[in-house]
Structure formats: C-alpha cells, structure tokens
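Note sheet for the following structure.
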Amino acid sequence: MAELLTRYRFTVEEFHRMGEVGIFREDDRLELIEGELVRMSPVGSRHAACVARLTRLFVPLQERAIVWVQNPVRLDDRTEVYPDVSLLRWRSDYYASGHPGPEAVLLVVEVSETSLAYDREVKVPLYARAGVPEVWVVDVEGQVLWVHRLPEGEAYREVWRLEPGEEVAPEAFPAHRLRVQDILGIS
C-alpha cells in the first residue's frame, strides 16, 4: 500500500528565520508561494533593463508613493513574493517596521523574460486573491504589457493587452501616463 506523503508548508515567519540562521545563501532568489519555497528565475539582461526603466518612469511619483524595487510583499501568512516593481502607499518609515502587505500595494509590476506563464497563471491569481488592486505583467519576449484591474476571487475582472503605441497609467495615478514602448525599451 502506498504511503501518503505530506508536504510541510512554511509560514512567512519560518521563511524569515531560515534566512536569518543561514539556511539560504545570500544570493538565493526565493519566494514563498502558499507555504512552498520557489526558486525565482535568474535575472536576464533584458529583464534587468526593463526593471531599471520602470524604476526611472515611476520616480516622479516618489513624493506620493514608495517605489519598491524587487523587495518583499507579504500577501498572507504563507506567501511572500518579490515583485519586480511595486508602488506602495506612502509611509514615512518606508515599511521599516514590517514588510508591506496587500493593503499597502497600489500597483505591482512583474517583468517576464522567461516566466510569463508562471507570472500570469500563479502570481496574478495570488495577487487577485490578496486584493492587490492592479497588476501589470510586462512580456519582454512578446513585447506587450498586460494590465489587470478589479480583483475578484483569484482573477481580475478587467484585463487589457497593450502594445507599443499605446499608453497606460497606474489607476492610483491616472495623470501619470506612460508609453508602452518606453516600458519595453523600444525606440
């Protein structure tokens, strides 16, 4: 008779303690997804360039929001992700007292060079379930931007596919219009 296998699911606190005691190497790129440790894809040069462009494009908002680059966001007790760029509600302590949760997030941007299916099929539903109001997925390979708004359950009621030549603005900052080609680095 086959034995039943039980997976142990970690909490965010256990995940942090493992890091503090040196179980992970400093250069390990891990996320905690529903209690399971998931190794993140290596950062390619096009991915890194897109994150740098997004950071520059969001800098004008830094008086009204915190531009949070590749830093943790705790979605619940068993999920802590590292989105490429987030816009967070302004706080004078810059979240030094604890990683931001979904209530702090105005926008999450995931840059997908090799992880498009994972970002769209795993991470976007996690963000929706947590109530993150807006998620952008930059498809570096396909040269498009996916915009997700109005979370409901594990999906978003509004999803748009934007191409170079179109513009987008974060819902929280509608006057901050960005050209899709500037996000993608297309001349």
Inset, instruction - Pop out the carbon and sulfur fraction of the accessible area of the chain as a percent, whole number, probe 1.4 Å. - result: 51
Legend entry - Gaussian network model of the chain, springs between alpha carbon atoms under 10 Å - residue of W68, W90, W136 with greatest fluctuation: W90
Inset, instruction - Using just the helices of the chain, give the 222 nm mean residue ellipticity in deg cm²/dmol: DSSP H runs with n ≥ 4 each add -39,500 (n - 2.57), and the total is spread over all residues, rounded to 500. - result: -5000 deg cm²/dmol
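Just by accessible area at a 1.4 angstrom probe, what is the order of I186, I66 from largest to smallest?
Order by accessible area, largest first: I186, I66.
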Inset, instruction - Kindly identify the chain as rounded, prolate or oblate by the Cα gyration tensor criterion: order the square roots of the eigenvalues as a ≥ b ≥ c, call it rounded if a/c is under 1.5, otherwise compare a/b with b/c, prolate if a/b is larger, else oblate. - result: prolate
Legend entry - Surface per residue (accessible, 1.4 Å probe) for the range 93-179, Å²: 45
Inset, instruction - Could you tell me what percent of the DSSP beta bridges with both partners in the chain are antiparallel, to the nearest 5? - result: 85
Inset, instruction - Specify whether the C-alpha gyration tensor of the range 128-183 places it in the rounded, prolate or oblate class, a ≥ b ≥ c being the square roots of the eigenvalues: rounded for a/c under 1.5, otherwise prolate if a/b is larger than b/c and oblate if not. - result: oblate
Inset, instruction - Take the alpha-carbon centre of the range 118-187, take the same for the range 27-98, and report the distance between them in whole Å. - result: 15
Inset, instruction - Report the relative contact order of the chain, percent, no decimals, based on alpha-carbon pairs under 8 angstrom and at least 6 residues apart. - result: 15
Inset, instruction - Starting at the first residue of the range 148-162, write each ³J(HN,Hα) from the Karplus equation 6.51 cos²θ - 1.76 cosθ + 1.60 with θ = phi - 60°, in whole Hz, x for Gly and Pro. - result: 10, 9, 6, x, 8, x, 10, 9, 10, 5, 10, 9, 10, 10, 10
Inset, instruction - Mind giving me the nanometre distance, one decimal, between the label points for H99 and H176, set 7 Å out from Cα along Cα→Cβ? - result: 2.3
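The values are calculated or read from the model by the stated rules, or taken from the named source; none is laboratory data. These numbers come from a predicted model, not from an experiment. Glycine gets a Cβ as well: all are built from the backbone with ideal geometry, and neighbour counts include every protein chain shown. Please note that ligands, DNA and RNA were not included when accessible areas were found on the heavy atoms of the full protein model with its side chains. Shrake-Rupley method; radii C 1.70, N 1.55, O 1.52, S 1.80 Å.
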